Structure formats: C-alpha cells, structure tokens
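> Got a structure here, written out as structure tokens. Questions coming.
The values are calculated or read from the model by the stated rules, or taken from the named source; none is laboratory data. Fair warning: this is a prediction, and the values are worked out from it, not measured in the lab. Here the Cβ is made from the backbone with ideal geometry for all residues, glycine too, and neighbour counts use every protein chain on show. For accessibility, only protein heavy atoms count, side chains too; no ligands or nucleic acids. Shrake-Rupley method; radii C 1.70, N 1.55, O 1.52, S 1.80 Å.
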Amino acid sequence: MLDPVAKLQGIGGRTVGLPLPIELKRLTFERGGKRVIDGIDLVIDSNRVTVIMGPNGAGKSVLLRLLHGLIAPTAGRIMWAGRPLDPALTRRQAMVFQRPVLLRRSVAANVSHALGLRGIKGPERSQRVAEALRLAGLEEHAATPARVLSGGEQQRLCLARALSLEPNVLFLDEPTSSLDPASALLIERLLLDAQRRGIKVILVTHDVGQAQRLADDVVFLMHGRAIEHQNAESFFTNPLNESTRAYLRGGLVL
Amino acid sequence: MADFIDAFQTALGLIVTLNHDLVEILLLSLKVSLTAVVIASVLGFAIGGALAVVRFPGRGAVSAILSALMGLPPVVAGLFVYLLLSNAGPLGVLQLLYTPTAMIIAQVVLVTPIIGALTRQACEDLLEEYDEQLRSLGASPTATIVTLLWDGRYRLITAVLAGFGRAIAEVGAVMIVGGNIDHVTRTMTTAIALETSKGNIALALALGLVLLTIAFAVNAALVSVQRLAKRLAYA
Ligand SMILES: Nc1ncnc2c1ncn2[C@@H]1O[C@H](COP(=O)(O)OP(=O)(O)OP(=O)(O)O)[C@@H](O)[C@H]1O
Ligand SMILES: [Mg+2]
C-alpha cells in the first residue's frame with residue numbers, strides 16, 4: 001500500500017525553464033465529419049496546476065493528445081513559449097493516459113523500460129526505478145507482472161512511471177478515477193509536490209473536490225469548445241457560464 | 001498382421017538399442033531443422049517486427065504475400081532452392097546442392113514466412129494497444145520493434161515451435177535439395193519415404209514413432225507456453 005508518511009521529495013531539479021505560455025490558436029480537430037475540438041482559443045500561462053473539466057465526450061482527452069503532440073490538429077496551432085511543439089519539447093513531457101497502458105513485464109521493468117527510452121542508464125536508472133516504486137507504494141510488487149495489478153495499482157504505477165521521467169510538463173487524464181479516497185489524496189500530494197518542484201501539471205478530472213484542491217486555473221470544455229477559463233477561485237465561487245454552474249451543482253449538462 | 005507386429009517389435013528394438021543408423025538420421029534431422037529454425041527466427045522476427053511498425057508504400061502487399069507464403073508447399077520451396085543452387089543457377093558455384101546446408105536453406109525458405117507472418121500479427125496486435133504510450137515515451141522505431149518483440153515473446157515462442165513442427169515433418173524440400181544420400185543428407189522424413197518403398201518397414205516405423213514423439217512434445221510445449229502466458233497476464 002501507499003505509505004502515508006513516505007517522503008514526497010522527488011529526485012533531481014529542473015534546469016530548463018517551463019515552455020510557457022501555452023497558446024492555442026483556433027485549435028480544431030475533426031474526426032468522421034465531427035468537430036471534436038472546435039476552434040479553441042486559449043492561453044495557459046500559469047506555471048502551476050491547470051485543471052480541465054467538462055462532461056463526458058467534451059473533448060478533454062483529445063485536447064490532451066493534441067497538446068502532447070500524439071495527434072495533429074486539423075486546423076489551428078499550439079505554441080509553447082512562442083514556438084511549435086518539437087521533439088525536444090515532447091521529450092520533456094510525460095502523459096498518464098485515461099486507461100493505463102502497461103507493458104507485459106514486471107512492475108519494475110515497466111518503469112525501467114521508460115527510463116531506458118529516455119537514455120537513462122546504470123545506477124541512476126535503478127535509483128529512479130526504486131524511487132518510482134516507493135512513490136507508487138508498489139515496492140513489494142516490483143517483480144509482479146504489471147498487468148495482474150489491481151486497476152488502482154496500475155494507475156499509480158503509470159503515474160510513478162511518468163514522474164520518474166522528470167518531465168517539465170505532465171499531462172494526466174483522470175489519474176485517480178479508480179483509486180480509493182486515501183490513494184487519491186496521496187496522488188494529489190504527489191502532484192502538488194511535482195508542481196512545487198517546477199513541473200507544469202495539466203490535469204483532467206471529474207472530481208470537483210480534487211479540482212478545488214489542486215487547480216490554479218480551470219478550463220471548462222463542452223462540445224469541443226473552451227467555454228470558460230478562469231483562475232480556480234473565481235471558477236468555483238463565481239462561474240460565468242450557465243453550463244459550468246449546472247455542471248458544478250452536479251446537474252446534467254448537455 | 002503378424003508381419004506388422006513383427007515390424008513393430010523390430011522398430012521398438014531399434015529405438016531401445018539406439019540403433020546407429022536411426023540415431024544418425026535423427027541427429028541430422030534435428031541439426032538441419034533446428035539450424036533452419038534459428039535462422040528463420042532471426043529473419044522472421046526482424047521482418048515481422050518491421051512490417052508491424054514501419055510504414056512504407058506496399059507494406060500491405062508485402063504482409064499479404066508473407067501470409068500467403070505460410071502455406072508454401074515444401075516441394076515448391078525445395079524446387080526454388082534447387083534452381084538457385086543447381087550448377088546452372090545463380091548460386092551454383094557454391095556447390096551446395098545435396099548437402100545439409102542446402103537442406104537448411106530450403107527449410108529457412110519454408111519456415112521464415114511462418115515465423116515472420118505470426119510475428120507481424122503479434123506485434124501489430126500489441127502496437128494497437130501500446131502505440132500512443134510508446135510515442136509518448138519517445139520510442140524510436142527500432143526501440144518500438146524491440147519492445148513489441150519482447151512483449152510478444154510468448155506468442156513468438158509459439159510461432160517458433162510451429163515453424164519447427166513444420167520443418168521437422170516436411171519431406172518435399174529436403175528430398176529435392178538433399179537427395180536422401182545415405183550418411184550425408186538422409187533425414188527422418190526422407191528415410192521413412194525411402195525405407196517404406198524399399199519394404200524396410202521396421203526402420204520406417206521406428207523413425208515414424210520418433211517423429212510422432214517429437215510432434216507430441218512440440219505440441220505439449222505449445223500448450224504449456226500458452227498456459228504460462230495466460231497465468232502471468234502476458235498473453
Ligand atoms: N479517433 C477518433 N475518431 C472519432 N471520434 C473520436 C476520436 N477520438 C475521440 N472522438 C470523439 O471525440 C469526442 C471527445 O472524446 P474525448 O475522449 O476527448 O472525450 P472526454 O472529454 O475525454 O470524455 P470522458 O470524460 O468520457 O473521458 C467523443 O465524442 C469521441 O467519440
Ligand atoms: Mg477522456
């Protein structure tokens with residue numbers, strides 16, 4: 001299990017500055033004749049946690065994929081500190097997907113593999129693997145096949161793997177959706193800690209409480225449009241948009 | 001019937017006493033087919049992995065041809081290698097015809113498409129699941145292929161076993177390019193064919209029993225590999 005008294009300091013510091021602001025200009029993504037992302041104009045300049053919220057099918061996961069460069073926009077563009085995404089920037093990003101993708105290897109080998117792809121070798125690699133397993137509370141499972149872990153354990157492993165890469169931008173797609181409340185809180189501490197170490201966190205969540213605890217600013221997405229973008233305090237106390245208000249009240253927004 | 005029982009007893013005798021001819025033939029068969037399968041595995045893994053990962057024009061066609069070649073009749077593989085190695089052929093100067101090397105080449109031609117096509121399928125299935133994660137991690141095409149081959153290892157083992165089963169049991173290819181020369185290129189299958197037609201049922205039967213045992217062993221190995229993979233959630 002996760003060790004609640006585990007020290008939450010990560011390893012190493014960030015030397016490269018964050019590629020901020022992130023500017024989305026008329027960002028559009030079409031699939032099957034449908035505008036999944038419909039001309040989003042947005043500037044994210046907070047170097048802390050940005051939360052993306054919105055109902056199912058709003059386009060949150062697609063937006064993260066676009067930001068991470070996994071898919072190319074149909075129209076519009078994304079600028080990172082004034083320049084387009086390039087391999088050097090991508091290498092400093094990491095993503096935790098909505099559905100955990102784990103290799104058919106042991107828990108430790110999953111982390112080790114990812115580090116190997118980033119060219120991290122030798123003692124540093126084993127040290128980071130050990131650190132990641134400690135953060136995920138999975139030390140005893142180091143040799144367990146990753147795919148026999150429980151859903152929540154798999155999510156924690158995916159997050160630990162992403163953190164072990166020491167990215168400067170971290171995308172998370174509902175990383176606590178199958179975690180028990182205690183584990184979710186620990187993940188939140190990990191994310192706050194990551195942010196304090198200078199990692200830009202972009203988090204998709206449906207958990208309003210979590211968003212309130214973590215967010216510096218919130219983007220509300222609906223039908224592929226960013227209908228609201230505010231700092232967290234005003235977003236939660238005084239949402240401008242009727243749909244946002246309904247969503248936060250727990251009402252159905254369609 | 002009495003003849004048959006007689007032959008059967010002689011056959012068992014040959015096996016139990018480790019008859020010299022029988023062992024020689026068995027060892028040559030194993031040497032040829034195992035060598036061929038090792039070479040075909042290296043080729044098949046590389047071809048199958050690359051076909052799954054690397055996009056290039058004509059990729060679909062190459063995959064389709066590779067799959068079709070899984071059913072290549074052994075005699076046709078043999079004929080093809082015969083033409084290559086015969087005196088008039090492009091590789092005639094090597095003087096390889098009627099040597100164990102020729103038989104290995106013929107079996108490589110026969111088995112590579114089997115291992116290659118099964119590898120491609122295994123890697124493609126995995127890639128569907130891993131693609132975005134691997135791209136997110138910044139994996140190069142080579143690193144992606146290596147990852148897929150390793151994660152598909154249990155399916156690759158079954159592909160190799162299937163290839164070995166095919167190689168050890170085929171007669172057409174080794175017959176044409178090997179020539180079934182006593183003490184040189186006589187394998188289990190060519191010996192069975194020859195000894196049966198000569199009326200030497202006992203040796204044929206003994207070799208047949210050995211071959212059958214190998215086939216059962218390969219199949220048992222296949223089943224246990226699949227079971228292990230499932231248990232570890234690696235399937
Ligand atoms: N590759 C694709 N082809 C066609 N449609 C797609 C594709 N990817 C996403 N979509 C569609 O785009 C819409 C947005 O999908 P997305 O996964 O971004 O939603 P989401 O906001 O993450 O929802 P959830 O909260 O359920 O995770 C959905 O209607 C989905 O069906
Ligand atoms: Mg989603």
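> Over the Cα atoms of the stretch A:102-166, compute the convex hull volume and normalise it per residue, giving Å³.
For the stretch A:102-166, the hull spanned by Cα atoms encloses 68 Å³ per residue.
> If I build a Gaussian network model for chain A, linking alpha-carbon pairs within less than 10 angstrom, which residue out of A:Asp45, A:Asp180, A:Asp217 has the largest mean-square fluctuation?
A:Asp180
> Moving to a separate point now. Say R0 is 30 Å: what FRET efficiency, to the nearest 0.05, do B:Ala61 and B:Leu222 get from their beta-carbon distance? Display every interim value, and only then the final one.
Numbers: r = 30 Å, r/R0 = 1.01.
Efficiency at R0 = 30 Å is approximately 0.50.
> OK, next. Could you pull out every whole DSSP H run in chain B that spans at least 30 Å of Cα extent along its own axis and averages 1.6 or higher on the Kyte-Doolittle scale? Each step should come with its number before you reach the end.
Numbers: long enough: B:20-53 (49 Å, 1.84); B:100-136 (48 Å, 0.35); B:201-231 (44 Å, 1.66).
Span-like helices, by this rule, are B:20-53, B:201-231.
> If I model a spin label at A:Arg134 and B:Leu30 as a point 7 Å from the Cα along the Cα→Cβ vector, what separation in nanometres do I get?
The answer from the label model is 5.1 nm.
> Carbon and sulfur: what percent of the stretch B:1-156's accessible surface (1.4 Å probe)?
Details: 5590 of 7680 Å².
Within the stretch B:1-156, the accessible surface is 73 percent carbon and sulfur.
> Any idea of A:Val129's accessible area? Nearest 10 Å², probe 1.4 Å.
20 Å²
> Grab the Cα-Cα distance for B:Leu83 and B:Thr213, subtract it from 0.36 nm times how many residues apart they are, and report the gain in nm with one decimal.
43.4 nm
> Just the accessible area per residue of chain B, please: how many Å² with a 1.4 Å probe? Intermediate values should be presented prior to the final figure.
Values: 11240 Å² over 235 residues.
Ligands and nucleic acids excluded, the result is 48 Å² per residue.
> Sticking with this one: With a 1.4 Å probe and all protein chains kept in place, how much accessible area does B:Asp3 have, in Å² rounded to the nearest 10?
B:Asp3 has an accessible surface of roughly 130 Å² with all protein chains in place.
> While we're here: Using DSSP, restrict attention to beta bridges with both residues in the protein assembly as shown and report what percent are antiparallel, rounded to the nearest 5.
Taking every DSSP beta bridge with both residues in the protein assembly as shown, the antiparallel ones total about 60 percent.
> Pick from B:Val62, B:Val108, B:Val32 the residue whose mean-square fluctuation is largest in a GNM of chain B, springs joining Cα atoms under 10 Å.
Evaluated over chain B, the most mobile residue of the options is B:Val62.
> Quick one: among A:Pro145, A:Pro181, A:Pro55, which has the greatest mean-square fluctuation in a GNM of chain A with alpha-carbon springs under 10 angstrom?
Of A:Pro145, A:Pro181, A:Pro55, the Gaussian network model singles out A:Pro181 as fluctuating most.
> Tell me the total accessible area that B and A bury against each other, 1.4 angstrom probe, in square angstrom rounded to 100.
On the way: alone 12240 and 11750 Å², together 22040 Å².
In total, chains B and A hide about 2000 Å² from solvent.
> With contacts defined as alpha carbon pairs under 8 Å and 6 or more residues apart, what's the relative contact order of chain A in percent? List each step's numbers first, then the result.
On the way: 454 pairs, mean separation 70.9, N = 254.
Worked out over chain A, it gives 28 percent.
> Pop out the carbon and sulfur fraction of the accessible area of the stretch A:102-166 as a percent, whole number, probe 1.4 Å.
Details: 1140 of 2160 Å².
Ligands and nucleic acids excluded, carbon and sulfur give 53 percent.
> Heavy atoms only, 1.4 Å probe, whole protein assembly: order A:Glu140, A:Glu242 by accessible area, highest first.
Details: A:Glu140 140, A:Glu242 105 Å².
If we order A:Glu140, A:Glu242 from most to least accessible, we get A:Glu140, A:Glu242.
> Compute the orientation-averaged projected area for the protein assembly as shown from the convex hull of its Cα atoms and round it to one decimal in nm². Can you show the working numbers first?
Details: hull surface 124.6 nm².
So the mean shadow area of the Cα hull is 31.1 nm².
> Kindly state, to the nearest 0.05, the FRET efficiency for A:Arg31 paired with A:Ser126, given R0 = 35 Å and r defined as their beta-carbon distance. Walk me through the numbers on the way to the answer.
Numbers: r = 42 Å, r/R0 = 1.20.
After rounding to 0.05, the efficiency reads 0.25.
> Only counting protein heavy atoms at a 1.4 Å probe, give the residues of the stretch B:108-139, ordered by number, whose accessible area falls by 40 Å² or more when the other protein chains are present relative to the chain alone.
B:Glu129, B:Tyr130, B:Glu132, B:Gln133, B:Arg135, B:Ser136, B:Leu137
> Check A:Val96: other-chain or 5+ apart residues with amide H under 5 Å from its amide H, H built from backbone geometry?
Residues meeting the amide H criterion: A:Phe171, A:Leu172, A:Asp173.
> Over the stretch B:20-230, what is the mean sequence separation of C-alpha contacts under 8 Å (at least six apart), divided by residue count, expressed as relative contact order in percent?
Numbers: 277 pairs, mean separation 64.5, N = 211.
Over the stretch B:20-230, the number comes to 31 percent.
> Further question: Any chance you could look up the accessible area of A:Phe97 with a 1.4 Å probe, heavy atoms only, rounded to 10 Å²?
Ignoring ligands and nucleic acids, A:Phe97 comes out at about 20 Å².
> For a label point 7 angstrom out from the Cα of A:Asp86 toward its Cβ, which stretches of the stretch A:155-174 have the backbone nitrogen within less than 18 Å?
Backbone N within reach: A:168-169.
> Next up: Please work out the Cα center distance from the stretch B:93-107 to the stretch B:126-183, rounded to the nearest Å.
23 Å
> List the residues of the stretch A:76-114 for which accessible area in the full set of protein chains is at least 30 Å² lower than for the chain on its own; 1.4 Å probe, protein heavy atoms only.
Those residues are A:Phe97, A:Val101, A:Leu103, A:Arg104, A:Arg105, A:His113.
> Tell me, what is the percent relative contact order of the stretch A:102-166, built from C-alpha pairs under 8 Å that lie six or more residues apart? Write down the numbers at each step before the final one.
Details: 72 pairs, mean separation 31.1, N = 65.
With pairs under 8 Å counted, the relative contact order is 48 percent.
> Continuing with the same structure: 5 Å is the cut-off here: which amide hydrogens, built 1.01 Å from N in the peptide plane, fall below it relative to A:Thr74, excluding neighbours closer than 5 in sequence?
Under 5 Å from the amide H of A:Thr74: A:Thr28, A:Phe29, A:Glu30.
> Determine the order of B:Thr119, B:Thr35 by accessible area, beginning with the largest, at a probe radius of 1.4 Å. The partial results should precede the final answer.
Details: B:Thr119 0, B:Thr35 50 Å².
Ranked from most to least accessible, the order is B:Thr35, B:Thr119.
> Select from the stretch B:29-129 those trypsin sites (Lys or Arg not before Pro) which occupy a DSSP coil region and have at most 13 other Cβ atoms within 10 Å, ordered by residue number.
Details: sites: B:Lys31, B:Arg55, B:Arg59, B:Arg120; in loops: B:Arg55.
In loop regions of the stretch B:29-129 (DSSP not H, G, I, E or B), the sparsely surrounded trypsin sites (Lys or Arg not before Pro) are B:Arg55.
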